[in-house]
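Here's the structure, in structure tokens; my notes come after.
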Amino acid sequence: MFNWCSKKSDLWINTFHGLANRLLRAHYVDANLPKNFQILDNNDQIQLLKQLMRSLNLNENKYGVYQAMHYINREKK
């Protein structure tokens, strides 16, 4: 039998995002990231934008959070 894993800890089973997170954590210097970088999910992004809009006294009804998210994503490309 072919033994391609020397021990159980050598085997990784992850989702794509879990694997990407693990690799980025291991190689943050190569990726030019700070050691304590954070990955925001969709809900984190929404909450952060709401806080930012409140701190800038922007009306969330006039300038929607989702509109702001789409604008930011468009500008990143």
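The values are calculated or read from the model by the stated rules, or taken from the named source; none is laboratory data. This is a predicted model, so every value here is computed, not measured. Cβ coordinates were reconstructed from backbone atoms using ideal geometry, including for glycine residues, and neighbour counts include every protein chain displayed. Protein only, heavy atoms only, side chains kept; ligands, DNA and RNA dropped before computing areas. Shrake-Rupley method; radii C 1.70, N 1.55, O 1.52, S 1.80 Å.
Please enumerate the residues belonging to region 34-48 that are under 12 Å from the mean Cα position of the chain (by Cα) and not in a helix (DSSP H, G or I). Correct list: Phe37, Gln38, Ile39, Leu40, Asp41. For beta carbons closer than 6 Å, sequence separation of 6+ or different chains, a first residue in region 9-30 that is modelled with pLDDT of 90 or more and a second that is charged (D, E, K, R) and open to solvent by 80 Å² or more (accessible area, probe 1.4 Å), the qualifying pairs are Tyr28/Lys35. Residues of region 31-73 that are loosely packed, with under 10 Cβ neighbours inside 10 Å and of a type in the set (S, T, N, Q): Asn32, Asn36, Gln38, Asn42, Asn43, Ser55, Asn57, Asn59, Asn61.
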